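Everything on this sheet refers to the single structure shown next.
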Amino acid sequence: MLVVRAGARDAPPLLLVHGLSQNGFTDWMPVIGPLSRDWRVIAVDLPGFGYSTVPQARLSPTNDARVLQRLLASLGVAALPVVGHSMGAAVALRLAADFPAQVSKLVLVDLAGLLHRTAFTKHATIGQLPSESWPDPLREPVERLLDLGRIIVERALGLPDPTAVLRSNEWLWPLVLQDRSSINAALALMDEDFSAALYTLRQPVQVIWGEADAVAPLRTGVLLARRLPQAQLHVLRGVGHTPMLQAGAEFTPLLQRVLRQEPLPRAPVPPLDGALQDLVSRDERDRHIGGRYRTVRIERGIAVHLKDLVAERIEVRDSIVRMTGVVVRGDELALDVVNSELVATACDFEARQGVRADNARLDLAGVRLHAQGFAIQALRRSRVVASVCELRDLNYRGWWHDDRELQGELLNLSAAKPSEPTSPTRSQSGS
């Protein structure tokens with residue numbers, strides 16, 4: 001395994017982890033020199049990349065994290081800051097979660113692999129055409145065309161997985177992929193579930209993201225900043241997936257600065273007290289809505305975005321809606337979605353009953369869904385994609401990272417194979 005070091009031996013150590021590229025550590029070359037003035041920089045070629053040998057193994061973030069932990073132990077390095085890019089950011093996140101004593105701080109740059117593979121694939125194939133860039137008369141047909149594309153991707157990924165045998169077989173995996181490190185690592189990355197890490201990580205985290213990233217959506221950066229206990233997001237406008245190569249003059253000083261700073265604390269969610277009004281939005285396009293309400297009802301809306309909104313109940317009818325940082329706390333039903341697409345990121349839904357879906361498509365990422373009765377009830381056929389979510393209902397308490405189609409039934413995760421005992425603080429895996 002190639003290990004490269006730069007900087008004074010008595011300087012504080014810093015680990016750089018590269019992304020899914022055969023360039024390996026050289027992707028960090030623009031920043032190694034400036035960083036080495038203050039840090040003892042350690043950069044690596046992960047197994048199977050660059051000049052490191054190809055192991056007969058699954059090149060997953062979990063396995064790479066074990067390798068890095070052993071490497072740091074052999075170098076005599078204790079807790080240190082770790083900077084990871086793309087796949088390397090996923091490896092860094094796993095290293096911090098599985099070996100918390102080894103990592104003092106994280107900097108995650110355009111992390112890939114956090115979203116469920118269905119959600120990730122929708123972004124990679126359909127998310128390249130923002131409707132905001134089109135003239136007003138074309139925005140609705142463009143948004144509906146994008147919606148159709150997302151439906152096609154979801155249905156394609158709902159077919160039997162041709163790689164299922166490969167994914168489930170530890171000896172067949174390296175045999176088939178032994179000379180295809182990038183494919184090996186990419187498939188393993190999409191299979192990784194970071195749910196527990198996302199909600200239990202305790203180290204401070206700085207998140208850097210290229211706004212124009214066509215590989216890892218900015219949605220992931222927003223999710224990390226809002227769900228990790230101590231995190232802050234920094235967005236580089238007009239920059240793509242490799243900011244250290246595309247915007248070094250802006251990225252390098254930002255990286256140097258965040259390595260020395262703690263994340264700013266998040267503002268608390270305002271309580272639902274006092275007199276609350278209802279909000280009804282009908283036939284609106286590209287509307288952004290925030291504030292505190294009793295009931296929010298969206299009808300025939302296109303590209304409606306609810307952000308940092310607090311309500312007792314939300315109803316969505318015949319609409320395409322996004323939610324970011326929405327909190328619903330009610331007595332009865334939290335969310336009612338009919339004939340609609342809903343994309344929710346870092347939201348909290350809490351009520352006696354959770355979500356009722358009727359011919360709906362739900363893309364939930366980093367959502368906390370707590371219900372005393374059912375979490376999700378599907379009337380007519382509905383699709384639910386869940387990425388790194390936390391779910392609690394009458395029958396289940398744990399993480400939820402899955403893609404399911406439901407019809408005339410309640411979501412039932414109670415039969416999922418547990419990875420650890422169910423308890424209020426340490427929950428079972430729902431994947």
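The values are calculated or read from the model by the stated rules, or taken from the named source; none is laboratory data. From a predicted model like this one, the values you see are computed outputs, not experimental measurements. Positions of Cβ are backbone-derived with ideal geometry, glycine not excepted, and every protein chain shown enters the neighbour counts.
State the number of residues belonging to segment 97-111 that are among the hydrophobic types (A, V, I, L, M, F, W, C) and surrounded by fewer than 24 Cβ atoms within 10 Å (Cβ to Cβ). Quick ask: steps written out before the conclusion?
Step one: filter segment 97-111 for residues among the hydrophobic types (A, V, I, L, M, F, W, C), giving 97, 99, 101, 103, 106-109, 111.
Now restrict to residues that are surrounded by fewer than 24 Cβ atoms within 10 Å (Cβ to Cβ): 97, 99, 101, 107.
Result for segment 97-111: 4.
Looking at (1) touching a Leu at 6+ places or on another chain (Cβ under 8 Å); (2) surrounded by 15 or more Cβ atoms within 10 Å (Cβ to Cβ); (3) not charged (D, E, K, R), can you tell me which one PRO34 breaks?
(1)
Within segment 222-269, count every residue that is of a type in the set (S, T, N, Q), touching a helix residue (DSSP H, G or I) at 6+ places or on another chain (Cβ under 9 Å) and touching a residue at least 40 places away in the same chain (Cβ under 8 Å). Give the steps one after another, and end with the answer.
Initial filter on segment 222-269 (of a type in the set (S, T, N, Q)): 230, 232, 242, 246, 252, 256, 261.
Now restrict to residues that are touching a helix residue (DSSP H, G or I) at 6+ places or on another chain (Cβ under 9 Å): 232, 242, 252, 256.
With the extra rule that they be touching a residue at least 40 places away in the same chain (Cβ under 8 Å), the set shrinks to 242, 252, 256.
Number satisfying all stated conditions: 3.
Just to verify a result, which residue in segment 33-75, among those that are outside any loop (DSSP other than H, G, I, E, B) and touching a His at 6+ places or on another chain (Cβ under 8 Å), is nearest to LEU187 (Cα to Cα)? Talk me through it step by step, then tell me what you get.
Here is the first cut: in segment 33-75, the residues outside any loop (DSSP other than H, G, I, E, B) are 33-35, 40-44, 61-74.
Adding the requirement that they be touching a His at 6+ places or on another chain (Cβ under 8 Å) leaves 43-44.
Working: ALA43: 24, VAL44: 21 Å.
Step by step, filter segment 33-75, then rank; the result is VAL44.
Filter segment 345-359 for residues that are under 17 Å from HIS305 (Cα atoms) and outside any strand (DSSP E or B) and give the result.
ALA346, CYS347
Exactly one of these conditions fails for ARG300: (1) over 24 Å from LEU198 (Cβ atoms); (2) outside the structural domain of SER340 (by TED's automatic domain parsing); (3) not small (Gly, Ala, Ser). Give me its number.
For ARG300, the failing item is (2).
Got at least one residue in segment 76-86 being part of a helix (DSSP H, G or I) and surrounded by fewer than 16 Cβ atoms within 10 Å (Cβ to Cβ)? Lay out the reasoning, then the answer.
As a first pass, look at segment 76-86 and keep what is part of a helix (DSSP H, G or I): none.
Among the residues of segment 76-86, not one is part of a helix (DSSP H, G or I) and surrounded by fewer than 16 Cβ atoms within 10 Å (Cβ to Cβ), which makes the answer no.
Taking the criterion of being assigned to a loop (DSSP other than H, G, I, E, B), surrounded by 15 or more Cβ atoms within 10 Å (Cβ to Cβ), touching an Asp or Glu at 6+ places or on another chain (Cβ under 6 Å) and in the same structural domain as VAL343 (by TED's automatic domain parsing), would at least one residue in segment 307-325 satisfy it?
Yes, segment 307-325 contains a residue that is assigned to a loop (DSSP other than H, G, I, E, B), surrounded by 15 or more Cβ atoms within 10 Å (Cβ to Cβ), touching an Asp or Glu at 6+ places or on another chain (Cβ under 6 Å) and in the same structural domain as VAL343 (by TED's automatic domain parsing).
So THR121 ticks every box in (1) closer than 26 Å to ALA231 by Cβ; (2) assigned to a helix (DSSP H, G or I); (3) modelled with pLDDT of 85 or more but one. Which box is left unticked?
(3)
Do we have LEU335 as more than 19 Å from the chain's Cα centre (by Cα) and free of Cβ contacts under 8 Å to residues at least 60 places away in the same chain here? Please lay out each step first, then the result.
Values: more than 19 Å from the chain's Cα centre (by Cα): yes; free of Cβ contacts under 8 Å to residues at least 60 places away in the same chain: yes.
Criteria met by LEU335.
Condition test on ALA89, is it part of a helix (DSSP H, G or I) and closer than 25 Å to GLN232 by Cβ?
Details: part of a helix (DSSP H, G or I): yes; closer than 25 Å to GLN232 by Cβ: yes.
Criteria met by ALA89.
Which of the residues belonging to segment 249-272 are in a helix (DSSP H, G or I) and surrounded by 11 or more Cβ atoms within 10 Å (Cβ to Cβ)?
GLU250, PHE251, THR252, PRO253, LEU254, LEU255, GLN256, ARG257, VAL258, LEU259
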